[in-house]
Amino acid sequence: MRNAVQCRQGTSRTVSLSTGASLFFDQAGDSDELVVFLHAVGGDHSSWADQIRHLSGRYTCVSPDLRGHGRSKRPSEKNGGRNEISIAAFAQDIVALIPALGYAKAHLVGLSMGAVVALEVFKQSPGVVQSLALANTWCYMENGEDRITFMEEQLKKRSLPESAAELIPGLLAPGTAKSIVEDAVKVEGSKDSEAYLQSWRSMFRVDYRSVIGAINVPTVLIGGTVDGITPSAPLLTYMHEKIPMSWLVSLEGAGHFSNLDHSEEFNRILKVHLGRGRLNSSQRTTAPEIVTETVPADTTAEALMYTLSRRGVEYFFSNSGTDFTPIIDALARYEDDPSFNLKVVAAPHENTAIAMAHGYFLLSGRPQVNMAHVNVGTANSGLGIINAARSRVPILVMSGKTPWLESGAAGCRTNFVQWGQDTFDQGAYFREYTKWDYELKTPRNLETVIDRALAVAQSDPAGPVYLTLPKEPLCEKIADFSISVPARQQPNSIVGADAVALERAANAIAKAKNPLIVTSELGRFRGGPEALVQLAEQLSIPVIEHGKRNFFNFPTEHPLHLGFNPTPYVEEADLIIAVECHVPWIPAFSKMKAPPSLIQIALDPLFHRLPMRGFPVDISVAGHPAVTLDQLRMWMNQHSQEEWRQKRDKRGKEASQQHDRIFRETRESAAKDANRPAITKRFLSYSIGKAVDDETVIFNEYDLDPFLVPRRLTDSWFENSIASGLGWSLGAALGGKLASPEQTVVVTVGDGSYLFNTPLSAHYVAAAYDIPILIIVFNDSAWSTIKMSTKGSHKDGWAAKKNSFALCDFDINVKFEMLAQSCGGKGLLVERPAELEYTLNRALAIVRDEGKHVLVNVICERDG
């Protein structure tokens, strides 16, 4: 089937399905991810033309005419098909279409009736749904019969073209271009009136109120403020309440056909949503056709750069040195080549460059390249390598290497530093933190080396790899260099867990009276937070996020979220379920005589890369954690005895009460700090929580309190790794913003951590490459974390007695806002609580409206 339905740019075709239907569709793009657009009852495949143009460079986009609409005819009963026009039949066709196109899953984007079809697809076959974008729609229409009666009477009095001419203009926003209105009228008016009426009846009789709570994929709900037909309140707001991790967007001034009358904003929202719903592995079910492509290159360096571009690497983050001369020359060659897609970001410091590669991956799922100058540049990149390793972020880290030869060859030593920079084993510098390292010796295996590096980096568990590039082979002349497209080495992924391990875990959970889930890095895995929500709700097990919240793992407003400190709860738990959690609790703070039973769910439940880790692994459940959690939820369906259900309901009620108390008290206490003379860190956190929205991504490096910042969506919060290599956040935020320019990116950082970030380098990149991010500095002129740790560890020590904490306080109050301004950004200073709300909102407006990066220097009360 793959050969019959190939993903080419701008094709239209008809495909016969197993349901008996033959669907006509437009198709554009060629990607490992499929987006299927589902039209309204009054639309057809052409309704999504603007969205397909906008997204086909990144996705395979398909827009079918539903059966009985446009060019898709009703199935013939003579050929075994069911000649039925209904939401159920439409969905059956889409479920059959996805594998017919050669994909296992698809993002579904539907408007009005199309979104109802998408919900029915999820009901029938949730496994084929990668994400849901539901616009101007409903899951249940209370006055559905009245609407059916209205249209039946309408079409008794008027023809469908006459009805369309009367009704369609009122469904689009005032001021919509005349051509858009005319096209919409023409499309609806050309439909088969009986198929139209049958669709109308079916779509207003659906009831998915029992379905939407089970939605476990990223979901965006899009409405328009002037949509009088399907108003967001109560139709979308009801769905938003029932889908725990849904994103509700109301497009200002948009009508019922919001994708037509507000296409630019609709496309922006859709791009962010699809990014959140990405999967890091291909969803194609058929083997790709392998072709050989000749690379236009005369040197190894040129072949290297071109191969990276063809392998989907989008950014080359770097700080160069004398070893880069062949790389610089190669980049110049391809500067005007439209087939060369590799963009260069030159950072003044390696720390910024490698953190940008890290951050880019976090919001794109695609590994990038970082290159440093021989051994000294590698040393400066070391912090980033360690953070990427502990966060399991794939980066191809490259560096030059001192030339081998002292004379007589292109690329030989020509600078005195090249003797001092020579090493016995440069790859050993950070071998403990890289999955693979190699030295390129010849262009003859260049393709293998690059493909192997990228495949190893992305394979589970992912992480950075290191490739050294001596200058002589980079300068070597080559001819007739070619590569395979796509690459012949592809990453492997770990899937579900062993059935016996799952059964053991399910039995242990069923017997537990007081189980507890603790996680810290589940959010690294696509579908993980959604799967945890579904499992926690089914079992009424409370959830703690512990340690560095490197990823968003669980909605803070969910009634089963009990905060970020497990100590009070692990002491009472009889079973702990640790999900991708290096440190389920801190033994030194716990009063447990012996740990309770512990289920470890992770790619690597033993976390074997940590030299010392003594937490029990009573039941080890190895596998992709999102898949494992879904499997475990299915196993738990076997444990539905009345006694177990009663325990579950009691736990859920108690957890909800604790959640309400903890979060309410924390936020009320923080709000009271508005009356203090100085800004407290918790009041600053509280104010940030009020200022940000669901389109904001936070990169936190100390001080921002997650209790005070409501987060609902995946990829909305990141921190540096469990290794806590400081100096990560500014670069990571810059890289994240490049990956997802449609979102607002906010960095929250302590003044000490800010200095670790080589800030002038970061500000330079923000200005030079027009990357508008908001940086908020919690400035108390101190290393407060170290001071608090000293007090905690030495309560009766000399430092506490004398109130003398060497190495903890700063003697100079640096005007950080001036550093931003010196590099072309905007700097703001705030010193009083009453000024904070206005300043934060002003800063956000500058970032969003003026496209400038902003630093807000917040003078805080010391809390150490």
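The values are calculated or read from the model by the stated rules, or taken from the named source; none is laboratory data. Since the structure is predicted, the reported quantities are computational estimates derived from the model, not experimental observations. Glycine gets a Cβ as well: all are built from the backbone with ideal geometry, and neighbour counts include every protein chain shown. Surface accessibility is based on the protein's heavy atoms, side chains included, excluding ligands, DNA and RNA. Shrake-Rupley method; radii C 1.70, N 1.55, O 1.52, S 1.80 Å.
Would you check which residues across the range 496-520 are charged (D, E, K, R) and either assigned to a helix (DSSP H, G or I) or closer than 30 Å to Ala297 by Cα (or both) and list them?
Scanning the range 496-520 gives Glu503, Arg504, Lys511.
Right, Thr790: at pLDDT below 95 and either surrounded by fewer than 21 Cβ atoms within 10 Å (Cβ to Cβ) or not in a loop (DSSP other than H, G, I, E, B) (or both) or not?
For Thr790, the condition - at pLDDT below 95 and either surrounded by fewer than 21 Cβ atoms within 10 Å (Cβ to Cβ) or not in a loop (DSSP other than H, G, I, E, B) (or both) - is met.
If you scan the range 177-215, which residues turn out to be at pLDDT 95 or above, more than 20 Å from Gly144 (Cβ to Cβ) and outside any helix (DSSP H, G or I)?
Scanning the range 177-215 gives Ala177, Ile215.
Just need a number here: residues in the range 670-688 that are within 16 Å of Val830 (Cβ to Cβ) and open to solvent by less than 40 Å² (accessible area, probe 1.4 Å).
Going through the range 670-688 one residue at a time, the tally reaches 10.
Quickly run through the range 363-383 and pick out the residues that are open to solvent by less than 10 Å² (accessible area, probe 1.4 Å), of a type outside the set (Val, Ile, Thr) and part of a helix (DSSP H, G or I).
Scanning the range 363-383 gives Ser364, Gly377, Ser381, Gly382.
Here is a check on your reading of the model: is Trp436 under 21 Å from Thr307 (Cβ atoms) and aromatic (Phe, Trp, Tyr)?
yes
Any residue that is among the aliphatic types (A, V, I, L, M), over 27 Å from Arg276 (Cα atoms) and surrounded by fewer than 21 Cβ atoms within 10 Å (Cβ to Cβ) - is there at least one of those in the range 740-762?
yes
Would you be able to tell me the number of residues in the range 135-176 that are among the small types (Gly, Ala, Ser), in a loop (DSSP other than H, G, I, E, B) and open to solvent by less than 70 Å² (accessible area, probe 1.4 Å)?
Residues meeting the conditions: 2.
Can you name every one of the strands (runs of 3 or more DSSP E) wholly within the range 554-648 that holds 1 or more residues which are among the polar types (S, T, N, Q) and surrounded by 14 or more Cβ atoms within 10 Å (Cβ to Cβ)?
Output list reads 597-602, 619-622.
For the range 537-547, what are the residues that are crowded, with 23+ Cβ neighbours inside 10 Å and either among the charged types (D, E, K, R) or out of contact with any strand residue (DSSP E or B) (no Cβ under 7 Å at 6 or more places or on another chain) (or both)?
Leu539, Glu545, listed by residue number.
Starting from the range 583-602, keep only residues that are closer than 17 Å to Ile509 by Cα, then list their pairs with residues that are among the polar types (S, T, N, Q) and open to solvent by less than 70 Å² (accessible area, probe 1.4 Å) whose Cβ atoms are within a distance under 6 Å, requiring at least 6 positions of separation or different chains.
Here the result reads Gln600/Ser620; Ile601/Thr628, each pair linking the range 583-602 to a residue that is among the polar types (S, T, N, Q) and open to solvent by less than 70 Å² (accessible area, probe 1.4 Å).
Select, from His240, His262, His256, His273, the only residue that is in contact with a helix residue (DSSP H, G or I) (Cβ under 7 Å, 6 or more places away or on another chain), buried (at least 16 other Cβ atoms within 10 Å of the Cβ) and modelled with pLDDT of 95 or more.
Checking each option against the conditions leaves just His256.
Taking only the range 136-162 into account, find how many residues are under 16 Å from Ser112 (Cβ atoms) and touching a helix residue (DSSP H, G or I) at 6+ places or on another chain (Cβ under 7 Å).
7
Being crowded, with 24+ Cβ neighbours inside 10 Å and part of a loop (DSSP other than H, G, I, E, B) is true for just one of Asp770, Asp703, Asp694. Which residue is that?
Among Asp770, Asp703, Asp694, only Asp703 is crowded, with 24+ Cβ neighbours inside 10 Å and part of a loop (DSSP other than H, G, I, E, B).
Before we move on, is Gly731 on the phi > 0 side of the Ramachandran plot, in contact with a helix residue (DSSP H, G or I) (Cβ under 9 Å, 6 or more places away or on another chain), touching a residue at least 60 places away in the same chain (Cβ under 8 Å) and open to solvent by less than 20 Å² (accessible area, probe 1.4 Å)?
No.
Here is a yes/no grid of residues against (1) over 31 Å from the mean Cα position of the chain (by Cα); (2) not in a loop (DSSP other than H, G, I, E, B):
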| residue | (1), (2) |
| --- | --- |
| Val456 | no, yes |
| Asp460 | no, no |
| Gly463 | no, no |
| Ala479 | yes, no |
| Gln489 | no, no |
| Ile494 | no, no |
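Mind listing just one residue for me: the one in the range 485-498 that is open to solvent by less than 60 Å² (accessible area, probe 1.4 Å) and touching an Asp or Glu at 6+ places or on another chain (Cβ under 7 Å) and, of those, nearest to Ile722 (Cα to Cα)?
Ile494
Looking at the range 432-455, which of its residues are closer than 20 Å to His608 by Cβ and open to solvent by 30 Å² or more (accessible area, probe 1.4 Å)?
Glu432, Tyr433, Lys435, Trp436, Asp437
When both residues are 6+ apart or on different chains and their Cβ atoms are under 8 Å apart, which pairs have a first residue that lies in the range 493-509 and is at negative phi and without any contact (Cβ under 8 Å) to a residue 40 or more places away in the chain, and a second that is open to solvent by 60 Å² or more (accessible area, probe 1.4 Å) and assigned to a helix (DSSP H, G or I)?
From the range 493-509, no pairs qualify.
Among residues belonging to the range 16-66 that are touching a residue at least 24 places away in the same chain (Cβ under 8 Å), within 14 Å of Ala100 (Cβ to Cβ) and not hydrophobic (A, V, I, L, M, F, W, C), point out the one that is surrounded by the fewest Cβ atoms within 10 Å (Cβ to Cβ).
Ser18
When the range 17-60 is examined, which residues are found to be in contact with a Cys (Cβ under 9 Å, 6 or more places away or on another chain) and in a strand (DSSP E or B)?
Result: Asp26, Gln27, Ala28, Leu34, Val35, Val36, Phe37, Thr60.
Would a scan of the range 335-348 turn up a residue that is over 31 Å from the mean Cα position of the chain (by Cα), closer than 20 Å to Met305 by Cβ, surrounded by fewer than 24 Cβ atoms within 10 Å (Cβ to Cβ) and without any contact (Cβ under 8 Å) to a residue 40 or more places away in the chain?
yes
Can you tell me which of Pro473, Pro464 is surrounded by 22 or more Cβ atoms within 10 Å (Cβ to Cβ) and more than 30 Å from Val583 (Cβ to Cβ)?
Within the list Pro473, Pro464, the selection yields Pro473.
List every residue pair whose Cβ atoms lie under 6 Å apart, where the two residues are 6 or more positions apart in sequence or sit on different chains, the first residue falls within the range 400-418 and is at positive phi, and the second residue, located anywhere, is among the basic types (Lys, Arg) and modelled with pLDDT of 90 or more.
Gly411/Lys471
Taking Ile327, is it at pLDDT 95 or above and either more than 23 Å from Asp298 (Cα to Cα) or open to solvent by 10 Å² or more (accessible area, probe 1.4 Å) (or both)?
no
Output the residue which, of all residues in the range 499-536 that are closer than 21 Å to Trp644 by Cβ and not aliphatic (A, V, I, L, M), is surrounded by the most Cβ atoms within 10 Å (Cβ to Cβ).
Taking the candidates together, the pick is Pro515.
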